[in-house]
Structure formats: C-alpha cells, structure tokens
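Below: the structure, in structure tokens.
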Amino acid sequence: MSSAAYSTAAGEFIRIFNCWLDQVRDTSGTYITYLHAESVPGTNQSRTPDSSWTPRDLPSGRSRKWPTLVLEVSYSQTRAYLKEAMQFWLDEPESDVKVAISITVSDRKILLERWVRRPNRPMSPDQWIEIAREPRKGPRISGYLDINFSDVVLRDKRDGETDFILTPAAMNDLAAYIWRDWRD
C-alpha cells in the first residue's frame with residue numbers, strides 16, 4: 001500500500017475522532033490531548049502507536065506514560081502481529097490504556113476493531129465495523145463500533161456528553177478517502 005493510503009487511514013480516523021472531541025470540549029470544557037505517535041516503554045519492549053490520546057487533566061495518581069486510547073493501522077502485518085500489538089497496549093503490566101483501535105486496510109475491505117482488556121479471556125476484539133468494496137452495489141457496511149466516554153476521559157459522562165460512535169456515514173467517508181489514495 002502506498003504511504004499516502006496508510007497515512008490517510010490514520011489521518012481520517014483522527015479527523016473523525018477529533019470532531020467528537022471538539023463536541024466534548026464545546027459541551028463540557030473537557031480537553032483530550034492528541035499524542036500522535038509517541039513511543040511508550042514497556043517491560044521488555046517499546047511501541048509507538050500510529051496515534052494516541054489522553055485526557056489533559058488526569059485523575060490523581062494516573063501517570064502520563066500511558067495514553068487512554070491508541071490507534072494502530074495495519075496493512076501488510078499479519079494478524080498475529082496485530083494481536084501482539086494489542087496485547088502490548090492492553091496487557092502490559094503497567095499499561096493504563098483502556099481501548100485500542102485497529103484499522104486493517106486492503107483494496108477490498110477496511111476493518112476497524114475495538115480491543116479492550118478482558119481478564120482471563122483470549123485477546124480478541126469486542127466490537128468491529130467493516131466496509132466491503134462492492135463496485136456493482138456500492139460499499140457494504142456491517143458491524144458497529146463505539147468508544148465509551150469514560151474510557152477516553154477517565155470519568156463518567158455529564159449532561160450533554162456522549163460516547164464516540166463511528167457512524168456508517170463516517171465509515172463510508174473513511175473508506176472513500178483510503179481507497180482514493182490506494183495504489184497497488
């Protein structure tokens with residue numbers, strides 16, 4: 001995949017997610033810091049997500065070392081590699097990451113998955129949304145993806161605040177931009 005399409009996958013998700021963050025800020029004055037791609041040292045390795053976020057104002061005792069939300073974009077990596085990345089973000093002993101989002105892209109489909117900590121269960125996504133490219137009928141979207149407000153902001157919602165929901169329209173926009181920049 002060209003670097004343009006890879007960057008577009010991350011960039012368009014960031015744009016969509018930041019629209020929600022703007023609503024959160026406008027509703028309640030709550031700020032979320034976009035960390036882009038900062039390396040995070042773990043016990044035996046360091047990882048750099050494609051993007052990450054954390055609240056500007058952290059609860060007492062919470063370190064800035066770990067973001068609350070990370071994004072990983074995958075194209076040529078294996079599923080095992082992606083699971084390993086998700087395990088780092090969610091199972092590393094000191095990790096404070098609440099949610100990891102993966103975007104897996106190909107010329108035929110785009111899959112977004114939400115991964116969360118699931119004690120005593122195998123590492124797997126708990127939600128997904130996929131768009132399949134079907135030239136005759138147009139793209140087909142299936143699944144659902146949301147991110148709990150409290151997982152990003154580290155507090156309960158207040159009046160007017162909402163969870164992030166990746167709508168079918170937003171998913172369609174995301175795919176249109178990625179496939180526009182697709183080069184084999």
*asked:* Tell me yes or no: at least one residue of segment 53-60 is surrounded by 19 or more Cβ atoms within 10 Å (Cβ to Cβ) and free of Cβ contacts under 8 Å to residues at least 24 places away in the same chain.
replied: yes
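Could you look through segment 131-152, keep only residues that are assigned to a loop (DSSP other than H, G, I, E, B) and over 13 Å from the mean Cα position of the chain (by Cα), and pick out the one that is nearest to N172 (Cα to Cα)?
P139
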*Being of a type in the set (A, V, I, L, M, F, W, C) and part of a loop (DSSP other than H, G, I, E, B) is the filter; apply it to segment 44-75 and report the residue that is nearest to F149 (Cα to Cα).*
L58
*Can you spot a residue in segment 145-156 that is at pLDDT below 90, over 20 Å from K65 (Cα atoms) and in contact with a Ser or Thr (Cβ under 8 Å, 6 or more places away or on another chain)?*
no
*Any chance you could count how many residues in segment 106-137 are small (G, A, S) and farther than 17 Å from E12 by Cβ?*
2
*Which condition number does T78 fail, the rest of (1) farther than 21 Å from A5 by Cα; (2) among the polar types (S, T, N, Q); (3) more than 16 Å from the chain's Cα centre (by Cα) being met?*
(1)
*Checking S63 against (1) free of Cβ contacts under 8 Å to residues at least 12 places away in the same chain; (2) of a type in the set (S, T, N, Q); (3) closer than 24 Å to S39 by Cα, the condition it does not meet*: (1)
*Filter segment 130-147 down to residues that are of a type in the set (G, A, S) and touching a strand residue (DSSP E or B) at 6+ places or on another chain (Cβ under 7 Å) and give me whichever is farthest from D107 (Cα to Cα).*
G143
*Have a look at Q87, Q45 and point out the one that is exposed (fewer than 12 other Cβ atoms within 10 Å of the Cβ), over 30 Å from D22 (Cβ atoms) and at pLDDT 90 or above.*
Q45
*Selection within segment 10-55 - out of contact with any strand residue (DSSP E or B) (no Cβ under 8 Å at 6 or more places or on another chain) and within 20 Å of L112 (Cα to Cα)*: G11, E12, R15, I16, C19
*Restricting segment 22-37 to residues that are touching a residue at least 24 places away in the same chain (Cβ under 8 Å) and not in a strand (DSSP E or B), the residue that is nearest to V70 (Cα to Cα)*: L35
*Of the residues that make up segment 117-130, is at least one surrounded by 15 or more Cβ atoms within 10 Å (Cβ to Cβ), assigned to a helix (DSSP H, G or I) and free of Cβ contacts under 8 Å to residues at least 40 places away in the same chain?*
no
*When you look at E84, is it under 15 Å from the mean Cα position of the chain (by Cα) and farther than 16 Å from D163 by Cα, yes or no?*
no
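The values are calculated or read from the model by the stated rules, or taken from the named source; none is laboratory data. For clarity, every value in this text was computed on a predicted model and none was experimentally measured. Glycine also receives a Cβ, built like all others from the backbone with ideal geometry; neighbour counts cover every protein chain displayed.
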